[in-house]
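The values are calculated or read from the model by the stated rules, or taken from the named source; none is laboratory data. Keep in mind that what you see is a predicted model, and the values were worked out from it rather than measured. All Cβ positions, glycine included, derive from the backbone under ideal geometry; neighbour counts span all protein chains shown.
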Amino acid sequence: CGLNVAPAQAHKFASNYHCFMVRRFDRTNAGRRLHFASAMTLTRHQDGEDASTGVSYLELADVLIRHGAQTNTDLKELWSRIVFNILVSNTDDHLRNHGYILIPGKGWRLSEAYDLNPVARSDGLKLNITENDNALDLELAREVAEYFRLGLTEADDIIANFRGIVSQWRIIAERLRLPGREQELMAEAFRGAI
C-alpha cells in the first residue's frame with residue numbers, strides 16, 4: 001500500500017486457523033544480524049509510556065533528524081505510517097512497535113513497519129501525533145507534516161493515496177472470504193478512510 005513493510009503471509013498448518021508469518025527484517029540475506037533498536041530504546045522511554053505520559057511521534061522523528069542515515073526518506077515514511085494508523089485505527093502503535101536498523105557509519109534508518117492492527121473501537125493512537133494529542137484525526141497529521149519535512153500539498157497527496165487504498169478494505173476482505181459478520185465487527189476501524 002506504499003508503506004515499507006516486511007514480507008508476510010498467512011498459512012494454515014495443522015489446524016483450521018491461520019498462522020501469520022513475517023520475514024525477519026533484522027537479518028541480511030545471508031542470515032547475519034542487523035543491529036535493531038526499538039523506538040522505546042532510542043527515545044529513552046520506559047515500557048508502558050505512551051500518549052498518556054506525553055510520548056509523541058515527534059520524538060521518533062527527532063531520532064531520525066539527529067541520527068538518521070536516510071533522514072528525509074524515513075521522515076516521509078514515518079509520517080505516512082501515522083496517516084495509515086489513523087485510517088485503520090491502529091491503536092497498537094506503542095514504542096515497541098516502531099524500530100530502527102543501524103547502518104554502520106551512517107546512522108539509523110526506520111525499520112520495516114510491523115504489527116499493524118486495525119482496532120474497531122478506538123479513540124486515539126498509542127502515541128501522540130502532535131506534542132499532546134493522539135486523536136484519530138488526519139488534521140493533526142497535517143499540522144505536524146512540516147516537522148516531517150513535508151509540504152501540505154505532498155501531505156494531502158499522501159493522505160488521498162492512503163485513503164483510496166484503505167477504503168478498499170471490504171473488497172480485500174471479500175477476496176479473503178472474511179465472513180460478513182466479521183467485516184461488520186471491524187468496519188468501525190476503517191471509518192477514517194470513508
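Quick look at the values:
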| read-out | value |
| --- | --- |
| Residue that is surrounded by the fewest Cβ atoms within 10 Å (Cβ to Cβ) [pool: residues in the range 79-115 that are over 13 Å from Ile129 (Cα atoms) and among the aromatic types (Phe, Trp, Tyr)] | Tyr114 |
| Odd one out for Glu131 among (1) touching a Ser or Thr at 6+ places or on another chain (Cβ under 6 Å); (2) assigned to a loop (DSSP other than H, G, I, E, B); (3) within 21 Å of Gly192 (Cα to Cα); (4) not basic (Lys, Arg) | (3) |
| All positions within the range 71-97 that are farther than 24 Å from Gly164 by Cβ, in contact with a strand residue (DSSP E or B) (Cβ under 7 Å, 6 or more places away or on another chain) and not basic (Lys, Arg) | Leu95 |
| Flag if Ala61 is surrounded by 10 or more Cβ atoms within 10 Å (Cβ to Cβ) and touching a Gly at 6+ places or on another chain (Cβ under 8 Å) | no |
| Residue check for Leu87: closer than 19 Å to Thr43 by Cα and touching a residue at least 60 places away in the same chain (Cβ under 8 Å) | no |
| Matching residues, the range 148-194, being hydroxyl-bearing (Ser, Thr, Tyr) and either under 16 Å from Ile86 (Cβ atoms) or at pLDDT below 95 (or both) | Ser167 |
